[in-house]
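Contents: one structure, followed by commentary.
The values are calculated or read from the model by the stated rules, or taken from the named source; none is laboratory data. Quick caveat: nothing in here was measured; it's all calculated off a predicted structure. FYI the Cβ positions are ideal-geometry reconstructions off the backbone, even for glycines, and counts take in every protein chain you see.
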Amino acid sequence: MTIDRRSLLKASLGGLAGLVSVPLLGATSPRLSSQLLAGKVTLISGAPGNVLALATDEGVVLVDSGAADHARALKSSLGSAKVPVLFNTHYHADQTGGNALFGAAGAAIHAHVITRQWLATDYYVPAEDHWVKALPAKALPTVTFRQKGEMKAGAERIEYGYLLEAHTRGDIYVFFRDSNVLAAGDVASPQLDPVLDWYAGGWLGGRVDAMDDLLALANDETRIVPAYGPVMTRAQLQAERDMMSRLYDRTTLLTTQGRSARDMLDAGVMKEVSRTFQDPYRFLYDVSKGHWAHYTNFGGNIV
Ligand SMILES: [Zn+2]
C-alpha cells in the first residue's frame, strides 16, 4: 500500500482529527507521529521528544525543533509549509537541534535570553564530561525576552513566559490560548525521570514554583504537552507538582542536615513517592547539587 506521507501529515495539520502514524525516511529513519490536539495545533512526537505545530495561513508556528538527526524528517513532515516562527522551550540539543535548518529557512527563533546566551557559548556537560560547541549564528535564537510576551498567529493568541530555574535557567512555556494547548518543555515529565540540569541553573525549588505557574495558566480542559511523554491534564500536572513539592520538603531538610544524595536514597526518600524512578540516585544527585547551588533560597545553613 502506498501512502502519501506528507499529505497525510499536512492534512492533519490542516485540521483532521485523529491519530496518524507517519514513518519518515531520513539518515537515521526517525519515526515521527502526529496527533491533532485542538484547533489547529498538532503534536508531532518522536523527534525524539514532542514538537508542537500550529497551522496558520502564513505558515507553521513550531514549539521546539527536535534533535539534529531528526530535523530533516521534522521539516519534511510539514510538507511545503513555511515556518516563520520557532520557539525553543530551553537550550537542550533535543529541543534546538533543528534550529540551524529552520533558521536558515527564515524562521524567527524565539527563546529566553539565557537560552540564547547558553547556545551562543561552548558549554560543559558534567554528567557526560564533555564540551558542546556553541551553535552556528543561523541556529541561534533571534528574538529573546526575559519575562513574558504574546503574539497573534492567524486567529490564535500565543502567550509565552519564563519558568524560573525549573529544568535549566532559561525554560519557557508557550501557551496557545485559543486552542488551550500549553507547551511545558521539560518542566513537566510524566514518563521519564524529571531532569534537573543543575549545572545550567535548574533545581527542585525552581521546578515546584514553575509548575505552580503552569497550573495557574491551565484549566481542566487544557492539553499540557511535556517535552517527552503523553499529553497531560491539569490534574496530572498537579499530581506531579505535589510529588515534587514533597520531595523538595524532604530533601531540603536532609540537605540542611548535611546529608548527601546517597543518604537521601538510604533514608527512603524515593519510596515515599507514588511512581517508580528509573534512576533514583541520579535524580537525587541532581537534586542535591541544585540545593547546594541554591541553599540561600531555602534558608539552609550548610556547613
Ligand atoms: Zn531538557
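Brief remarks follow.
- Restricting Ala227, Ala261 to those that are crowded, with 21+ Cβ neighbours inside 10 Å and either more than 18 Å from Phe283 (Cα to Cα) or within 16 Å of the ligand (Cβ to nearest atom) (or both) reduces the list to Ala227.
- Within segment 79-115, the set of residues being surrounded by fewer than 22 Cβ atoms within 10 Å (Cβ to Cβ) and either more than 16 Å from the ligand (Cβ to nearest atom) or at pLDDT below 95 (or both) comprises Gly79, Ser80, Ala81, Lys82, Pro84, Ala100, Leu101, Ala104, Ala105, Gly106, Ala108, Val113.
- Within segment 58-67, tally of residues that are buried (at least 18 other Cβ atoms within 10 Å of the Cβ) and more than 20 Å from Ala184 (Cα to Cα): 1
- In segment 120-137, the condition of being closer than 27 Å to Glu58 by Cα, within 15 Å of the ligand (Cβ to nearest atom) and touching a residue at least 24 places away in the same chain (Cβ under 8 Å) is met by no residue.
- Any chance Asp220 is in a helix (DSSP H, G or I) and among the acidic types (Asp, Glu): no
- The test for being loosely packed, with under 15 Cβ neighbours inside 10 Å, modelled with pLDDT of 95 or more, more than 16 Å from the ligand (Cβ to nearest atom) and of a type in the set (A, V, I, L, M) does not hold for Ala153.
- Test: residue in segment 127-140 that is outside any strand (DSSP E or B), at pLDDT below 95 and among the small types (Gly, Ala, Ser): yes
- Any hit, segment 265-277, residues being surrounded by 14 or more Cβ atoms within 10 Å (Cβ to Cβ) and within 16 Å of Arg207 (Cα to Cα): no
- Checking each residue in segment 177-195 for being touching a Lys or Arg at 6+ places or on another chain (Cβ under 8 Å) and either surrounded by fewer than 20 Cβ atoms within 10 Å (Cβ to Cβ) or among the hydrophobic types (A, V, I, L, M, F, W, C) (or both) picks out Arg177, Asp178, Asn180, Val181, Leu182, Val187, Asp193.
- Condition broken by Gly258, with the remaining ones in (1) touching a residue at least 40 places away in the same chain (Cβ under 8 Å); (2) closer than 30 Å to Val63 by Cα; (3) part of a loop (DSSP other than H, G, I, E, B) satisfied: (2)
- Note on segment 65-78: residues that are assigned to a loop (DSSP other than H, G, I, E, B), over 13 Å from the mean Cα position of the chain (by Cα) and within 16 Å of the ligand (Cβ to nearest atom) amount to 0.
- Residue satisfying all of: in segment 207-223; more than 16 Å from the ligand (Cβ to nearest atom) and of a type in the set (A, V, I, L, M); surrounded by the fewest Cβ atoms within 10 Å (Cβ to Cβ) among these: Ala216
- Long-range neighbours under 6 Å by Cβ, at least six apart or interchain, first residue within 17 Å of Asp242 (Cβ to Cβ) and in contact (Cβ under 8 Å) with a residue 12 or more places away in the chain within segment 261-286, second among the polar types (S, T, N, Q) and not in a helix (DSSP H, G or I): none
- Test for Ala183: is it within 15 Å of the ligand (Cβ to nearest atom), of a type in the set (Gly, Ala, Ser), outside any strand (DSSP E or B) and touching a residue at least 24 places away in the same chain (Cβ under 8 Å): no
- Yes/no for Leu204 being aliphatic (A, V, I, L, M), within 16 Å of the ligand (Cβ to nearest atom), farther than 18 Å from Leu43 by Cα and in contact (Cβ under 8 Å) with a residue 12 or more places away in the chain: yes
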